[in-house]
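Structure record follows, encoded as structure tokens.
The values are calculated or read from the model by the stated rules, or taken from the named source; none is laboratory data. If you're wondering where the values come from, they're calculated on a predicted model, not measured in any experiment. Don't worry about glycine lacking a Cβ; one is built from the backbone with ideal geometry, like all the others, and counts go over all protein chains shown.
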Amino acid sequence: MKLYHGTDNPDFKLKSVKDGLGYHPGAGPVEFLGPSFTDSEEVAASYGRIIVERDFNSNNPKKYKGLEALKNDIIKVFGLPTSGQDLGEYYRDIADSYKVKLLAEGYDCVIFPEGLKSATNEKTANTVIPLSEEFFNQE
């Protein structure tokens, strides 16, 4: 399938999340799972003028009803941070652990419906977050 990622950053490099901010600001641990793609070029364009296009064949996607369902599932598995704990660091750690868990269970990506940046609840396209490092190594 063709996937699209929209950005306004001309220096954008497609890579997994290692340090710094994640890809989904405000989405809790989901922001650190990796870059999100959509199967709609229109939805990608709502996130930025520069469109990164990739081919991706999913053999076993983990499907969620929406971004909140994915976020809640991660929190259900790992719990909320303790008082005084660095939130960004905690979310990065549990996102990494959740990704390892999903890969061990045989999933290669997560998928949930979403819409344009201005109306994400419209659910007009699928958001796909590939989990495998091999996805980031293709050119």
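Only a single criterion out of (1) crowded, with 17+ Cβ neighbours inside 10 Å; (2) at pLDDT below 95; (3) out of contact with any helix residue (DSSP H, G or I) (no Cβ under 8 Å at 6 or more places or on another chain) is not satisfied by PRO61, namely (2).
Taking segment 15-33 as the range and being buried (at least 16 other Cβ atoms within 10 Å of the Cβ) and either modelled with pLDDT of 85 or more or not small (Gly, Ala, Ser) (or both) as the test, the residues that pass are VAL17, TYR23, HIS24, PRO29, VAL30, GLU31, PHE32, LEU33. If you take the residues of segment 76-92 that are out of contact with any Pro (no Cβ under 7 Å at 6 or more places or on another chain) and in a helix (DSSP H, G or I), which of them is farthest from GLU122 (Cα to Cα)? Among those residues, the one meeting the criterion is GLU89.
Yes/no per residue for (1) in contact with a Lys or Arg (Cβ under 7 Å, 6 or more places away or on another chain); (2) at pLDDT below 85; (3) of a type outside the set (Ser, Thr, Tyr):
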position	(1), (2), (3)
GLU41	no, no, yes
SER46	yes, no, no
VAL52	no, no, yes
LYS76	no, no, yes
PRO81	no, no, yes
GLN85	no, no, yes
GLU89	no, no, yes
ARG92	no, no, yes
SER97	no, no, no
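With respect to the conditions (1) under 17 Å from GLU133 (Cβ atoms); (2) touching a residue at least 60 places away in the same chain (Cβ under 8 Å), TYR47 lacks only one, and its number is (1).
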